[in-house]
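The values are calculated or read from the model by the stated rules, or taken from the named source; none is laboratory data. A quick note: this is a predicted structure, and the numbers were derived from the prediction, not measured. Cβ coordinates were reconstructed from backbone atoms using ideal geometry, including for glycine residues, and neighbour counts include every protein chain displayed. Heads up: the accessible areas ignore ligands, DNA and RNA and are worked out on the full protein's heavy atoms, side chains in. Shrake-Rupley method; radii C 1.70, N 1.55, O 1.52, S 1.80 Å.
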Amino acid sequence: MLYAMIDIGSNTIRMAIYEIDGDRVEMIMKRKHTVGLASYVSDGVMQKPGIDKVVEIIGEYKHFLDDLGIRDVVAFTTAALRNASNGQAAVNEISWRTGISVNVMSGDEEATFDFIGATHNLADDRGLLIDIGGGSTEIVFFTDRKIKIKASLPIGSLNFHTRYIGKHILPNDSECEEMYAEAETTVGAIREFQSVSHAQICGIGGTFKGAMALYNSMYGMTRQNMRMDMSRIRNILQRFRRDRELIVPEKVLLMQTVPERMHTFMPGLIIADVLAKRFGSMNIVYSDSGVREGYIYDKIIDKK
């Protein structure tokens, strides 16, 4: 059967269509709009232009699905609407105006589905799963391929950019220091992870996807490489700052590898760096499966 998943994130709104045959899951196509929904939140309230933008994009997706007769559709939203004080009212309005029921996914659910999706084909049976989204960061520690500890942190790549960098694309030194300070304070406050150290990090989501493309191009790696050395990530964090004038090849590199995430990849990597230092991780392995695939494995395949 064909199954459509609509993911209303803090930075992008995506639709992915999967063919599910028994236990086999194959993504057939995907579409996305980079909206920056978290930037429509003012004083904790999701503003009407943000709601209207979601309605417009979901309406476009629905028209496509109706034309192809795809009836099995799940839509969910994560941090941007989950954390807004009027989040549920906004979701109700979006559902009513589009005719597609939108579910608010809790941070706990997001971390769980991230884990299920990312580790389905992962060789490691112990480690840390990290998803740095636009409005939140999900962390899961697992051993024997089972979740032991999970947490959702209220820091993300887009909300860091909005609050610290503003209208600029890249941060300067002082803005990086401010983002590092908040990330370190937030990460240091998660007491349940106190005993976790020297764990392999598996990174999922847009921050790591963009970082992986940039990393492979900068260091002459093939597209098949899925491992990033943290010392090289820290070199990237020093290299792409507004205080330092970029040379033409560096500008081209950014435009080719992170065109849609040029403003958020640095804030996201700062959060990743703080987490890697906290947990003594020397490298990060990227997985291209996450919350949508986890939902399918847990809620669709396992419930048959």
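Length gain on complete extension for the stretch GLU178 to GLU245, per 0.36 nm per residue less the alpha carbon to alpha carbon distance?
Gain on extension, GLU178 to GLU245, equals 22.0 nm.
Can you compute the FRET efficiency between ASP66 and TRP96 using 1/(1 + (r/R0)^6), with r the Cβ-Cβ distance and R0 = 25 Å? Round to the nearest 0.05.
Numbers: r = 17 Å, r/R0 = 0.69.
The computed FRET efficiency comes out at 0.90.
Output the peptides 281-288, 199-206, 31-38 sorted from most to least packed, where packing is the average of other Cβ atoms within 10 Å over each peptide's residues.
Descending mean neighbour count gives 199-206, 31-38, 281-288.
Along its three principal axes, how long is region 1-125 when you only count alpha carbons? Whole Å, largest extent first please.
43, 40, 21
Please compute the per residue accessible area over the chain with all protein chains in place, 1.4 Å probe, rounded to a whole number of Å².
It amounts to 45 Å² per residue over the chain.
Solvent-accessible area of GLU175, probe 1.4 Å, all protein chains present, reported in Å² to the nearest ten, please.
That residue has around 20 Å² of solvent-accessible surface.
How far, in nm, would the chain grow between ASP124 and ASN235 when pulled straight, counting 0.36 nm per residue and subtracting the alpha carbon separation?
37.3 nm
Which order, highest average first, do 53-61, 67-75, 108-116 follow once you tally other Cβ atoms within 10 Å for each residue and take the mean per peptide?
Listed from highest to lowest mean packing, they are 108-116, 53-61, 67-75.
For the chain, just the Cα set please: Rg and Dmax, both in angstrom.
When restricted to Cα atoms, the chain yields Rg and Dmax of 18.8, 56 Å.
Let's test the formula: R0 of 22 Å, r as the Cβ-Cβ distance of ASP52 and VAL104. What FRET efficiency results, to the nearest 0.05?
0.70
Could you run the Karplus curve 6.51 cos²θ - 1.76 cosθ + 1.60 with θ = phi - 60° over region 214-228 and give me ³J(HN,Hα) per residue in whole Hz, x for Gly and Pro?
So the Karplus estimates, Gly and Pro as x, are 5, 4, 5, 5, 5, 10, x, 8, 6, 5, 6, 5, 10, 10, 10 Hz.
For region 1-77 and region 261-293, write down the distance between their C-alpha centroids in whole Å.
After rounding, the separation between the Cα centres reads 23 Å.
Between HIS168 and THR185, what length in nm is gained on full extension when 0.36 nm per residue of separation is reduced by their alpha carbon distance?
3.7 nm is the gain from fully extending HIS168 to THR185.
Compare PRO249, PRO171, PRO154 in a GNM of the chain, Cα atoms joined below 10 Å, and give the one with the largest fluctuation.
PRO249
Whole-Hz ³J(HN,Hα) for each residue in region 233-248, computed from phi via Karplus 6.51 cos²θ - 1.76 cosθ + 1.60 with θ = phi - 60°, x for glycine and proline: what do you get?
Ordered by residue, 3J(HN,Hα) equals 4, 5, 5, 4, 5, 7, 7, 9, 10, 5, 5, 9, 6, 7, 7, 4 Hz.
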